[in-house]
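Note sheet for the following structure.
The values are calculated or read from the model by the stated rules, or taken from the named source; none is laboratory data. Keep in mind it's a predicted model, so treat the numbers as computed, not measured. Please note: Cβ atoms are built from the backbone with ideal geometry, for glycine as well, and neighbour counts cover all protein chains shown.
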Amino acid sequence: MPAQRGLVIPYEDLSPEALRGVLEEYVSREGTDYGHATFSLAQKVAAVRRLLETGHAVIVFDPDTQSCNITARQDLPQDAPPS
């Protein structure tokens, strides 16, 4: 998978409502694979939030597309600024 480009946005900088919107949009994208198990929207949101809180994932804003993505911290380019 290619490295994620864009601006790292600390999740703590988002309002609770904005963060929930980003998380819900991310987990409800078509093509998101959770295997054979079935999880509720709330469970998916909670799991991704935990990844953000533990630093395993980050929110990346792409100024070209004006969109956010959540990506594994390890997938960030080496020159990405820390959040």
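Restricting 17, 30 to those that are more than 30 Å from residue 78 (Cβ to Cβ), modelled with pLDDT under 95 and among the charged types (D, E, K, R) reduces the list to 30.
Could you please let me know if residue 4 is of a type in the set (S, T, N, Q), at pLDDT below 95 and farther than 23 Å from residue 77 by Cβ? In short, no. In the stretch 33-62, of all residues being small (Gly, Ala, Ser) and surrounded by 13 or more Cβ atoms within 10 Å (Cβ to Cβ), the one that is modelled with the lowest pLDDT corresponds to 47.
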